[in-house]
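Here's the structure, in structure tokens; my notes come after.
The numbers here are math on the coordinates, done by the rules we state, and not lab data. Remember, predicted model here, so these are calculated numbers, not experimental data. Virtual Cβ from ideal backbone geometry, glycine too; neighbours counted across all protein chains shown.
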Amino acid sequence: MKRLTTILLFLVMVVAALEVVLPKLVSDAVAQGLRDLTGSRQVTAKVDKAPAILMFDGKFDRVRADASEVKTEKITFENMHVDLTGVEVDTQALLTSRKLVLKKVDEVQLTAAIGQEELAAFLNNSVKGVKNAAVTITPGKVQVRSTLNLGAIARVDVKLEGRITGDRDNRRIKFVTDQFWLNNTPVGNVGGSLLTELPLVDLKKLPFNVNVRDVVMEQGQVIIYADNRN
């Protein structure tokens with residue numbers, strides 16, 4: 001009887017220890033996996049499952065993660081918050097190599113921010129002829145000031161006012177020009193111009209199957225809200 005009691009107490013202690021240690025170990029592994037999936041510089045994650053010992057089956061109630069400097073094909077998000085529920089992953093890949101293979105996710109909610117400095121860097125690096133672009137983001141509006149080199153013909157001062165919005169299919173983010181100035185002369189919205197409509201982010205290339213729900217321009221940054229709801 002005494003031996004059985006000792007064994008039971010030992011098992012209780014092991015389970016109690018797992019309830020404390022296992023969530024931290026799994027959360028760290030998920031953070032590493034998400035860092036590789038998103039190309040982020042740093043990720044912190046919290047994985048929820050009750051009881052924690054059931055984490056070994058690779059099914060989690062909820063995964064919340066915060067990432068910084070998330071690199072996409074064209075734009076780097078300043079930060080990103082991801083909230084996943086009903087998650088199933090490849091346990092062996094996660095625990096042996098910290099590789100996150102998402103088998104199933106019931107619900108995804110994603111929030112990401114693009115800073116005005118990053119948008120300026122994108123214009124300078126990606127749009128032919130644009131030099132020294134300066135971007136100011138205010139509630140509801142994006143303003144761009146730059147010079148545009150037209151080959152050996154001329155160099156003009158450019159001012160744009162526009163917005164960042166989702167595309168028709170709600171899978172892409174783009175910058176759309178509403179007003180356009182050349183050398184301080186308003187020329188309206190010049191259809192077909194190189195700077196009239198610029199693709200920024202293709203959400204289909206992120207590791208989460210999400211659609212754009214809202215794009216909000218705040219002071220100094222643009223906040224993108226996306227989820228996988230129909």
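Once all Cα-Cα distances of the stretch 116-227 are split into 5 Å bins that start at 0, what whole-number percent is in each one?
Per 5 Å bin, starting at zero, the Cα-Cα P(r) for the stretch 116-227 comes out as 2, 12, 21, 24, 19, 12, 6, 3, 1, 0 percent.
Once the convex hull of the C-alpha atoms of the stretch 33-119 is built, how many Å³ does it hold per residue, rounded to a whole number? Could the numbers behind the result be given before it?
Values: hull volume 7.6 nm³, N = 87.
In the stretch 33-119, the Cα hull volume divided by residue count equals 88 Å³.
Can you give the FRET efficiency to the nearest 0.05 for Thr96 and Gln179, using r as the Cβ-Cβ distance and R₀ = 45 Å?
Working: r = 55 Å, r/R0 = 1.23.
In this case the efficiency is close to 0.25.
How high is the FRET efficiency from Thr136 to Lys205, r the C-beta distance, R0 35 Å, rounded to 0.05? Spell out each step's value before the answer.
On the way: r = 28 Å, r/R0 = 0.80.
So, using R0 = 35 Å, E works out to roughly 0.80.
Once the Cα atoms of helix 116-126 and of the chain are each reduced to a long axis, what angle between those two axes, in degrees from 0 to 90 to the nearest 10, is obtained?
70
Taking amide H positions as placed 1.01 Å from N in the peptide plane, with prolines and chain starts having none, which residues 5 or more places from Asn228, or on another chain, fall under 5 Å of its amide H?
Placed amide hydrogens put Val108, Asn211 under 5 Å from Asn228.
What number, in percent, do you get for the relative contact order of the chain if the mean sequence gap of Cα pairs under 8 Å and at least 6 apart is divided by its residue count? Before the final figure, lay out the partial values.
Values: 522 pairs, mean separation 33.6, N = 230.
That works out to 15 percent.
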